[in-house]
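Written below as structure tokens is the structure these notes are about.
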Amino acid sequence: MLENCRTAQERWGGVHRMIDRWFEARRDMLVAFMDLKEACDIDPESVTKARIDHFSELLMDYISAGHFEIYPQLRQEAEQFNDQEALAVADKLFERLEMSTQLVLEFDNDYSTPTRCQHYLFRLPAWLERLGRGLTERFTLEDQLIGRLHSSHSPPPAPQAAPSATL
């Protein structure tokens, strides 16, 4: 029984660390997004392809990690707990996440080459507004997914001992 507990802790504790790293990647991507948006607000024509590529690379890495690492792991966890309700919720959330994935792929395509980047540079402010809305919704959906598929299966935190009174 203790061994099963250790195995579960290792497995799901690993998921927790994976999610923590993913949230760090989210933060890094958002910093790049805000930097790009700020530069675009100041002078869109001065934004370089390298700056767009930096953001796009972080964005694609974040989206890919979600689709190929985090989501499958969360699904597996729900399956291990035989949580059919969570799996049904996950399927609905995955469908909605797919819409923002398509948005990200369109952005990446529009700015994929120097020629395309130059051609679509005037659209960058509108693209960033659109991406900002899409990412905000995506983060909400992802947080719901984690809350339903992972947090509900995590053991509750151990109660902390009450501070002892000294006389």
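The values are calculated or read from the model by the stated rules, or taken from the named source; none is laboratory data. Just so it is clear, the model here is predicted, and its values are computed rather than measured. FYI the Cβ positions are ideal-geometry reconstructions off the backbone, even for glycines, and counts take in every protein chain you see.
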(message) With in contact with a Cys (Cβ under 8 Å, 6 or more places away or on another chain) and under 19 Å from Gly132 (Cβ atoms) as the only criterion, which of Val47, Val104, Val31 stands out?
(response) Val47
(message) Here are the criteria: (1) without any contact (Cβ under 8 Å) to a residue 12 or more places away in the chain; (2) closer than 18 Å to Arg148 by Cβ. Tell me which single one Glu106 does not satisfy.
(response) (2)
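Table: residues versus (1) of a type outside the set (Lys, Arg); (2) free of Cβ contacts under 8 Å to residues at least 40 places away in the same chain.
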{"residue": "Arg75", "(1), (2)": "no, no"}
{"residue": "Ala78", "(1), (2)": "yes, no"}
{"residue": "Ala86", "(1), (2)": "yes, no"}
{"residue": "Thr101", "(1), (2)": "yes, yes"}
{"residue": "Thr115", "(1), (2)": "yes, yes"}
(message) Asp61 - would you say it is at pLDDT 95 or above, in a helix (DSSP H, G or I), of a type outside the set (Gly, Ala, Ser) and closer than 17 Å to Glu129 by Cα?
(response) no
(message) What's the total number of residues in the range 60-90 that are over 21 Å from His16 (Cα atoms) and either surrounded by 15 or more Cβ atoms within 10 Å (Cβ to Cβ) or within 17 Å of the chain's Cα centre (by Cα) (or both)?
(response) 1
(request) Can you tell me which residue within the range 20-58, out of those that are of a type in the set (Ser, Thr, Tyr) and at pLDDT 95 or above, is surrounded by the most Cβ atoms within 10 Å (Cβ to Cβ)? (result) Ser56
(message) Based on this model, can you work out whether Asp41 counts as assigned to a helix (DSSP H, G or I), out of contact with any Leu (no Cβ under 6 Å at 6 or more places or on another chain), touching a residue at least 40 places away in the same chain (Cβ under 8 Å) and acidic (Asp, Glu)?
(response) yes
